[in-house]
Amino acid sequence: MNITDEAKQKLEAIFQEKGVNGIRFYSNEAGCCGPQVGLSLDKPKDTDIIQEINGVRVALDQDIKNSVEQLTLDNDKTPNGSGFVLLGMDQCC
């Protein structure tokens, strides 16, 4: 997984505002292309894999570790975008 510098800056502002120090990617549910990935500010679970990516503490649900290896977390750059996007997700459905 990669985190762009722009996404890192936005995350750091959110961390300071919310009093947290990392993000967590988890399996939301399985779809036709594999697990659907969720992103939260939740504390890591005991079974999560903890990594530091571009200076950001990231907890990964073990069930999706292989599914997110090639993804990039970036800012949503659409005209009304105010959140994040995961680039590199298969759009098969």
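The convex hull defined by the C-alpha atoms of the chain has an orientation-averaged projected area of 6.2 nm². If you run the Gaussian network model on the chain, springs between alpha carbon atoms under 10 Å, then out of Lys43, Lys65, Lys77 the most flexible one is Lys77. Spin-label model, Leu41 to Glu6: label points 7 Å out along the Cα-to-beta-carbon direction sit 2.2 nm apart. In the context of the full set of protein chains, residues of the chain present 64 Å² of accessible surface per residue (probe radius 1.4 Å, heavy atoms only). Within the listed set Gln16, Gln36, Gln70, the residue fluctuating most in the Gaussian network model of the chain (springs between alpha-carbon atoms under 10 angstrom) is Gln16. Expressed as a whole percent, the accessible area of the chain that falls on carbon and sulfur atoms is 42 (1.4 Å probe).
The values are calculated or read from the model by the stated rules, or taken from the named source; none is laboratory data. These figures come from a predicted structure and were not determined experimentally. Reconstructed Cβ throughout: ideal geometry from the backbone, glycine too, with neighbour counts over all protein chains shown. These area figures cover heavy atoms from the full protein model, side chains too; ligands, DNA and RNA do not enter into them. Shrake-Rupley method; radii C 1.70, N 1.55, O 1.52, S 1.80 Å.
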